[in-house]
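Derivation of every value follows stated rules applied to the coordinates shown; laboratory data play no part. Since this is a predicted model, take the numbers as computed values, not measurements. Neighbour counts are summed over all protein chains in view; Cβ atoms, including those assigned to glycine, are modelled from backbone coordinates with ideal geometry.
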Amino acid sequence: MELTIERVPFDAPDAEALRNAQQAELHVRYGSEDHEPGEPPTADNVPFFVVARAADGTAVGCGGLRPLGDGGLEVKRMYVLPERRGQGVATAILRRIEEQALAMGSRTLLLETGTEQPDAMRFYEREGYHRIPAFGLYAGEAHSVCYARLLD
């Protein structure tokens with residue numbers, strides 16, 4: 001599948017539509033709208049955000065980076081439309097995020113996913129991320145599963 005990864009503002013319409021679709025899917029998986037611990041990502045705290053587009057320009061996935069207080073970076077709002085999964089979209093988005101993390105001077109990326117997202121857990125493990133104890137605001141959260149990866 002031909003794919004382009006475009007940097008966009010966090011609050012760009014396509015980015016917002018993809019994040020809304022992600023949240024709707026997670027509401028179903030967790031059985032409520034109260035499933036995200038920690039500070040919600042916003043345009044103010046996610047300065048780097050990308051949208052993946054199919055050849056026809058359709059937005060099919062997204063993801064971003066949020067700086068953490070200790071100088072680290074956290075992957076936020078990784079999402080691919082269900083009908084586009086298994087086509088390399090998530091991997092392409094993650095690689096672009098990792099490139100940006102290195103450009104921002106970080107060699108370690110952190111992320112949080114959840115117990116009701118086994119597909120995400122398999123994806124991150126396949127991509128070289130390893131489970132770590134819950135960090136920051138995720139510590140003590142029953143549904144949080146955290147990962148890290150040292151970038152080359």
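Can you run phi through the Karplus equation (6.51, -1.76, 1.60; θ = phi - 60°) for the range 56-63 and list ³J(HN,Hα) in whole Hz, with x for Gly and Pro?
Those phi angles translate into 7, x, 5, 6, 10, x, 7, x Hz.
Under a 5 Å amide H to amide H cut-off, with H placed in plane at 1.01 Å, what residues pair with residue 132 once short-range neighbours are removed?
Under 5 Å from the amide H of residue 132 lie the amide H atoms of 146, 147, 148, each far enough along the sequence or on another chain.
What FRET efficiency do you get for residue 116 and residue 7 if R0 is 25 Å and r is their Cβ-Cβ distance, rounded to the nearest 0.05?
Values: r = 30 Å, r/R0 = 1.19.
That pair, residue 116 with residue 7, gives E of 0.25.
Could you check how many percent of all C-alpha pairs in the chain are farther apart than 20 Å? Walk me through the numbers before you get to the answer.
On the way: 5276 of 11476 pairs.
So the portion of pairs separated by more than 20 Å is 46 percent.
Collect residues whose amide H, placed 1.01 Å from N in the peptide plane, falls under 5 Å from the amide H of residue 73; neighbours closer than 5 in sequence don't count.
68, 110
Using the Cα centre of the range 3-149 as origin and beta-carbon charges of +1 (Lys, Arg) and -1 (Asp, Glu), tell me which of 130, 61, 38 is placed farthest towards the positive end of the dipole.
Towards the positive end, the residue furthest out is 130.
Per DSSP H run of n ≥ 4, the term is -39500 (n - 2.57); total these for the chain, divide by its residue number, and report the mean residue ellipticity at 222 nm rounded to 500 deg cm²/dmol. Intermediate results must be reported in sequence, preceding the final value.
Numbers: 3 runs with 42 residues, N = 152.
My calculation for the chain gives -9000 deg cm²/dmol from helical runs alone.
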